[in-house]
Amino acid sequence: MSDSNESSPSPAPKLSVVVPLYNEEDNVLPMIEELHRALDGIPHELVLVDDGSTDGTAGKIPPNDPTIRFVRFEANTGQSAAMYAGVHAAAGEIIALIDGDLQNDPADIPKLIEELNRGADLACGYRASRKDTAFKRLQSRIANFVRSRFTGDGVRDTGCTLKAMKRPCRDALVPFTGMHRFIPALIKGAGFKVVELPVNHRARQHGVSKYGFGNRAVRATMDMFGVKWLLSRRFSYKINNR
């Protein structure tokens, strides 16, 4: 007879939402509340990855919320590392990605899930009406055009973090700095179906952007050549057991 106090393992959630965080102390609690409202009725967990924040981000995360899994880096390692760690810590059959700065709208996640239910493996949001400066929109448009033509991912806005993928897609991801810009290319290159749909985009209310043209243009270009090479070297095979 089993111990009556022994609890059975909790079933895996349908959805895991991975949120990379870096110095978002004013945004993290409202974001958690918005996510729970948007996902009401969908069994979910929130995988919050603190990328070495130096402010009070960690202290704002509710300690008694059973849906939250908290991963905290010892030092700032980068957005790609935070996403990769969160995706591989996720328990859900569907894994969503969203920024922690409240510019992505959690209410769009169910729309992405609907695309997966229709047969897509990765559903990517694109910011149809961006709430950024004209210069930032221009540089993003140029970078997205060059990247999409070069890698063949067919995605117009890889800079939009908001995405949802079926769990097997995570095996296509490669851990390197800059990976987050090439998630669609890596997943499509592995043979999965990728779709894109418009999502809401909101102006940042608190904190400051952590990324700018100067700290990513050259590295993104180098990464693009590396991803192109990697995709050109992929192979596939079928096993004949007869």
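The values are calculated or read from the model by the stated rules, or taken from the named source; none is laboratory data. Not measured: the values here are computed from a predicted model. Methodologically, a virtual Cβ is constructed for each residue, glycine included, from the backbone with ideal geometry; neighbour enumeration extends over all protein chains shown.
Points worth noting:
- Residues in the stretch 106-133 that are part of a loop (DSSP other than H, G, I, E, B) and modelled with pLDDT under 95: 6 in all.
- LEU162 vs. criteria farther than 16 Å from ILE98 by Cβ and in contact (Cβ under 8 Å) with a residue 24 or more places away in the chain: no
- Residues located in the stretch 155-188, provided they are over 23 Å from ALA12 (Cα atoms) and not in a helix (DSSP H, G or I): VAL155, ARG156, ASP157, THR158, GLY159, CYS160, THR161, VAL174, PRO175, PHE176, THR177, GLY178
- Only a single item in (1) over 15 Å from the mean Cα position of the chain (by Cα); (2) on the phi < 0 side of the Ramachandran plot is not met by ILE187, and it is number (1).
- Within the stretch 186-220, being small (Gly, Ala, Ser) and at pLDDT 90 or above holds for GLY189, ALA190, GLY191.
- Filter pass, ILE32 being of a type in the set (Val, Ile, Thr), closer than 21 Å to ALA91 by Cβ, modelled with pLDDT of 95 or more and in a loop (DSSP other than H, G, I, E, B): no
- Test: residue in the stretch 50-59 that is part of a helix (DSSP H, G or I) and either surrounded by 21 or more Cβ atoms within 10 Å (Cβ to Cβ) or in contact (Cβ under 8 Å) with a residue 12 or more places away in the chain (or both): yes
- Cβ pairs under 8 Å, 6+ apart, first in the stretch 172-183 and touching a residue at least 60 places away in the same chain (Cβ under 8 Å) and under 10 Å from GLY78 (Cα atoms), second surrounded by 17 or more Cβ atoms within 10 Å (Cβ to Cβ) and basic (Lys, Arg): none
- The stretch 60-77: number of residues that are part of a loop (DSSP other than H, G, I, E, B) and among the hydrophobic types (A, V, I, L, M, F, W, C): 3
- Just one of the listed residues (LEU102, LEU116, LEU112) is in contact with a Pro (Cβ under 8 Å, 6 or more places away or on another chain) and buried (at least 20 other Cβ atoms within 10 Å of the Cβ), and it is LEU102.
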